[in-house]
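These notes concern the structure reproduced below.
FYI, it's all coordinate maths here, none of it is from the lab. As the structure is a computational prediction, the values presented were derived from the model and not from experiment. Counting neighbours? That spans all protein chains shown, and the Cβs are built from the backbone with ideal geometry, glycine included.
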């Protein structure tokens, strides 16, 4: 198989083009529909999906593309895929609708159930996070050279926790309470979309717990960025998340930096 880093620059360009298309819609009035599961869908989701799929198919005709907005994603069709693109054309549709800027374009390349290339673009914030196996993870803003990013090592004390802006719940509250009792009151950063995981990747947060439903396309790109930056994204049994499973839903997870601190001791799974 080809070196996944060979596709990195073009993948970033595709994400940027999709982000520009999203912003054209973001900056005017738009309608919001509902999917079968009740989650919101806008014309920006579909426009970004169509652009990304077309560009990826032109770039790598032999690699299938699975997007959140794909019409068909049955395991029967994708079970034999050893390599595929996994895409969330607009991660954080609720943040898009609220117009708070905390939404992203996520593009990941998977090999044998793990992400080996990941690009996360935040169109409004004008930032691109990227990583692929064999290179350093990076953060890039317009007009500046990409800067290498690395996780930080947590050794105890006041922690910085990145958590969902739109999905909180009692499990997160319990986690924060337990952590505060053990290590002191943590700093809490509320953020939408895959940006939470990217905060851990760049060393701005120590951990990002998620105690609720997510799908593989929500995490794959940021997972790669995080791992290349020195961190990991694991389930509550400390096993790295895997992708292109029969079910595209993720288990609850922890995205964390380096160090051997056991964040799961603060999780009540009852």
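Would you mind calculating the relative contact order of the chain from Cα pairs under 8 angstrom and at least 6 residues apart, reporting the percent as a whole number? Once divided by the residue count of the chain, the mean separation gives 18 percent. Assuming a ≥ b ≥ c are the square roots of the Cα gyration tensor eigenvalues, decide whether region 214-257 counts as rounded (a/c under 1.5), prolate (otherwise, with a/b larger than b/c) or oblate. The shape class here is oblate.
Suppose R0 equals 35 Å; then what is the FRET efficiency for residue 146 and residue 269 from their Cβ-Cβ distance, rounded to the nearest 0.05? Numbers along the way, then the final one.
Numbers: r = 39 Å, r/R0 = 1.12.
With R0 = 35 Å, the Cβ-Cβ based efficiency is 0.35.
Counting only the backbone N, which residues of region 230-270 are under 18 Å from the spot 7 Å out from the Cα of residue 181 toward its beta-carbon? Label zone hits: 262-270.
Count the DSSP beta bridges whose two residues both fall in region 4-148, then state the antiparallel fraction as a percent rounded to the nearest 5. Show your work: numbers first, answer last.
Values: 28 of 31 bridges.
That works out to approximately 90 percent antiparallel.
For the chain, what does -39500 (n - 2.57) per DSSP helix run (n ≥ 4), summed and divided by total residues, give at 222 nm, in deg cm²/dmol to the nearest 500?
My calculation for the chain gives -9000 deg cm²/dmol from helical runs alone.
Spacing of the modelled spin labels on residue 252 and residue 77, each 7 Å from Cα toward Cβ, amounts to 3.3 nm.
Mind ranking 118-125, 172-179 by how tightly packed they are, going by the mean number of other C-beta atoms within 10 angstrom, highest first? If you can, show how the numbers build up before the last one.
Values: 118-125: 25.2, 172-179: 17.2.
Descending packing order for the listed peptides: 118-125, 172-179.
With a Förster radius of 30 Å applied to the beta-carbon distance between residue 190 and residue 136, the computed FRET efficiency rounds to 0.60. One Cα centroid belongs to region 209-270, the other to region 148-200; the line between them spans 13 Å. How far is helix 8-26 tilted off the main Cα axis of the chain, in degrees rounded to 10, range 0 to 90? Between helix and principal axis, roughly 90 degrees.
Sorted by packing (mean other beta-carbon atoms within 10 Å per residue), highest first, where do 180-188, 246-254, 199-207 land?
Details: 180-188: 13.4, 246-254: 16.3, 199-207: 24.9.
Packing proxy ranking, top to bottom: 199-207, 246-254, 180-188.
Among the listed values [x] 18.6; [y] 22.2; [z] 19.6, the one matching Kirkwood radius over Cα pairs in Å as calculated from this structure is [x].
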